Amino acid sequence: MSPVSPARPQNVGERAAQILARVAAPTFADRVLDITDFGAVGDGTTDCTAALAAAIEACSRAGGGRVLVPAGRYHTGAVHLLDDVDLHLADGAVLAFSQDPDDYLPPVRTRYEGMDCYNYSPFLYANGRRNVALTGRGVVDGGADAEHWWSWVKAPAPHEGPAKQRLLAAAAARVPVQERVFGDGHHLRPNLLQLVDCQNVLVSGITFRRSPMWTVHPLRCTNVTVRGITVDSHGPNNDGCNPESCRDVLIEDSTFDTGDDCIAIKSGKGPDGWHPDQATIGVVVRNCRMRAGHGGVTVGSEASGGVADVVAYRCQMSSPDLQRALRIKTNAERGGYVRDLLFADIEVGEVRKAVLEIALDYERVTDGAHPPQVADIELQRVSASSAGRGLRLIGLPDAPIQRLRLYDCTFSQVAEPDIVEQVVDAVGIGSGEPEQLGQR
């Protein structure tokens, strides 16, 4: 995209429409299979894993349709979705996932913090499927707490640190993914919902709670709709929705109250992201509400494959526990690009650290062989009532942030001055003359 003229903000509706022309929620056959007909019992104690699997398989084999989870609390291990199946949780239905790690074995092909491997199955999982959905007004309860899953984050309990280092080393050495086998005894936490290499995905209406790690994680998917969900999960790395290496994604009318980023757009870390087909291209976020979190709408930190063509608009963000409203984070070890991002009509009430943070020194890494490229970022009518600061912009000498435009943005009750370092061609445009950011 050519550099944006300071006098001509982009048309938000047109930008979004170009992406949304390629997004359509899947439809399903008029067939309903009730999991209780396959032996499931909603008493909170009966193991319903086999019943859920049987109902999903029967539905897919018959040509697809809806697998109904009626009101009740259904105890289960890993649930794997199949082609042409809408797993529908009725109002009052709870999928209550087991706290026993053995219920998520054998390992499956997954991605952990941007690196491909075999690990514990995500609790809800699909791989290589077409036309898959999770819908309804029910609840997905991951069961994570201080004694289960979240305790794996750091010492003194057995924790993920050693396994993460082994996975990092394996990815750097380009060890084949089939040989990167973790799972039992390695303490790498699974995601709550992960969809891998799927086409035509719908996640709608569900409330997600107590995720072990990232909550809703489409990975290398095409045509994804996330609509009307609630993520209320405050554990470590409890991101809300993380489209990673995806094409054509819509996230709308959803509420996020999280222990990490509310929405984080990603594209792999290091060598596993350094391929053209790992980019995330075409994401629309609209009419969402962000409460607690490290960032409201975030790109990174795993962005090695590149992120482009993102439009986020008509969102509301506010909480004393919201650290940043809009955030881009990466570093010179990860590479990749972030470009053509448009944020518009974002209402921020209270944000602790910054309204906009672009940090290319993530994890305090300032040197590396793969400096990122971050350019063509536009904000229109972004307002904040109370903020630690308006802008925190940290570029790198050999990778400055380029072409940032702020149109009619208002940041009130700002406690600290802006930080603007290694930024080229950044302009704020209001009712007066354009103002070069960092020269106030």
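The values are calculated or read from the model by the stated rules, or taken from the named source; none is laboratory data. Keep in mind that this is a model prediction, so the values were computed, not measured. Methodologically, a virtual Cβ is constructed for each residue, glycine included, from the backbone with ideal geometry; neighbour enumeration extends over all protein chains shown.
Restricting to segment 192-225, what's the tally of residues that are outside any strand (DSSP E or B) and not small (Gly, Ala, Ser)?
11
ARG389: without any contact (Cβ under 8 Å) to a residue 60 or more places away in the chain and either among the small types (Gly, Ala, Ser) or closer than 19 Å to ARG314 by Cα (or both), yes or no?
no
Go through the residues of segment 20-37 one by one and say whether even a single one is under 30 Å from TYR407 (Cα atoms), in a helix (DSSP H, G or I), of a type outside the set (Asp, Glu) and at pLDDT 95 or above.
Among the residues of segment 20-37, at least one is under 30 Å from TYR407 (Cα atoms), in a helix (DSSP H, G or I), of a type outside the set (Asp, Glu) and at pLDDT 95 or above, which makes the answer yes.
Show the residue pairs that are 6+ apart or on different chains and have beta-carbon atoms under 9 Å apart, the first residue being within segment 142-170 and farther than 20 Å from MET115 by Cβ, the second being part of a helix (DSSP H, G or I) and not β-branched (Val, Ile, Thr).
Pairs that qualify, where the first residue is farther than 20 Å from MET115 by Cβ and the partner is part of a helix (DSSP H, G or I) and not β-branched (Val, Ile, Thr), are ALA144/TRP150; ASP145/SER151; HIS148/PRO101; ALA155/GLY161; ALA157/SER151; PRO158/SER151; PRO158/TRP152.
Using the structure shown, decide if GLY438 is modelled with pLDDT under 95 and surrounded by 20 or more Cβ atoms within 10 Å (Cβ to Cβ).
For GLY438, the condition - modelled with pLDDT under 95 and surrounded by 20 or more Cβ atoms within 10 Å (Cβ to Cβ) - is not met.
Would you mind listing the strands (runs of 3 or more DSSP E) fully within segment 364-440 where at least 1 residues are closer than 18 Å to ARG339 by Cβ and among the basic types (Lys, Arg)?
Qualifying strands (runs of 3 or more DSSP E): 401-407.
Could you go through segment 134-154 and let me know if any residue there is surrounded by fewer than 23 Cβ atoms within 10 Å (Cβ to Cβ), within 19 Å of HIS80 (Cα to Cα) and touching an Asp or Glu at 6+ places or on another chain (Cβ under 6 Å).
Yes: segment 134-154 contains one or more residues that are surrounded by fewer than 23 Cβ atoms within 10 Å (Cβ to Cβ), within 19 Å of HIS80 (Cα to Cα) and touching an Asp or Glu at 6+ places or on another chain (Cβ under 6 Å).
Mind telling me which of the residues LEU379, LEU406 ends up being within 16 Å of VAL297 (Cα to Cα), surrounded by 15 or more Cβ atoms within 10 Å (Cβ to Cβ) and of a type in the set (A, V, I, L, M)?
LEU379
Just checking, does segment 335-353 include any residue being under 18 Å from the mean Cα position of the chain (by Cα), touching a residue at least 60 places away in the same chain (Cβ under 8 Å) and in a loop (DSSP other than H, G, I, E, B)?
Yes; the residues of segment 335-353 include at least one that is under 18 Å from the mean Cα position of the chain (by Cα), touching a residue at least 60 places away in the same chain (Cβ under 8 Å) and in a loop (DSSP other than H, G, I, E, B).
Which of the following residues is buried (at least 16 other Cβ atoms within 10 Å of the Cβ), touching a helix residue (DSSP H, G or I) at 6+ places or on another chain (Cβ under 7 Å), in contact (Cβ under 8 Å) with a residue 24 or more places away in the chain and of a type outside the set (A, V, I, L, M, F, W, C): TYR118, TYR74, TYR104, TYR112?
TYR112
Here's the yes/no breakdown for (1) crowded, with 24+ Cβ neighbours inside 10 Å; (2) farther than 29 Å from ALA170 by Cα; (3) at pLDDT below 95; (4) not basic (Lys, Arg):
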{"residue": "THR215", "(1), (2), (3), (4)": "yes, no, no, yes"}
{"residue": "SER254", "(1), (2), (3), (4)": "yes, yes, no, yes"}
{"residue": "THR258", "(1), (2), (3), (4)": "yes, yes, no, yes"}
{"residue": "ALA264", "(1), (2), (3), (4)": "yes, no, no, yes"}
{"residue": "SER267", "(1), (2), (3), (4)": "yes, no, no, yes"}
{"residue": "GLY270", "(1), (2), (3), (4)": "no, no, no, yes"}
{"residue": "ASN287", "(1), (2), (3), (4)": "no, yes, no, yes"}
{"residue": "ARG291", "(1), (2), (3), (4)": "no, yes, no, no"}
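Which of (1) in contact (Cβ under 8 Å) with a residue 12 or more places away in the chain; (2) more than 19 Å from the chain's Cα centre (by Cα) does ARG364 not meet, given it meets every other one?
It fails just one condition, (1).
Output the residues belonging to segment 257-273 that are more than 11 Å from SER245 (Cα to Cα) and either of a type in the set (Phe, Trp, Tyr) or assigned to a strand (DSSP E or B) (or both).
Scanning segment 257-273 gives ASP257, THR258, ILE263, ALA264.
Would you mention how many residues in segment 306-332 are crowded, with 24+ Cβ neighbours inside 10 Å and in contact with a Phe, Trp or Tyr (Cβ under 7 Å, 6 or more places away or on another chain)?
Looking only at that region, the number is 5.
ALA133 - would you say it is touching a residue at least 12 places away in the same chain (Cβ under 8 Å), closer than 20 Å to TRP214 by Cβ and touching a Gly at 6+ places or on another chain (Cβ under 8 Å)?
No.
With the condition kept exactly as written, say whether any residue in segment 196-207 is surrounded by 21 or more Cβ atoms within 10 Å (Cβ to Cβ) and in contact with an Asp or Glu (Cβ under 7 Å, 6 or more places away or on another chain).
No, every residue in segment 196-207 fails to be surrounded by 21 or more Cβ atoms within 10 Å (Cβ to Cβ) and in contact with an Asp or Glu (Cβ under 7 Å, 6 or more places away or on another chain).
All but one of (1) more than 15 Å from the chain's Cα centre (by Cα); (2) not in a loop (DSSP other than H, G, I, E, B) hold for ARG189; state the number of the condition that does not hold.
Checking ARG189 against (1) more than 15 Å from the chain's Cα centre (by Cα); (2) not in a loop (DSSP other than H, G, I, E, B), the one that fails is (2).
Here is a list: SER60, SER5. Which entry is at pLDDT below 95 and of a type in the set (Ser, Thr, Tyr)?
SER5
Go through (1) of a type in the set (A, V, I, L, M, F, W, C); (2) in a strand (DSSP E or B); (3) out of contact with any His (no Cβ under 9 Å at 6 or more places or on another chain) and name the single condition ALA170 misses.
Condition (2) is where ALA170 drops out.
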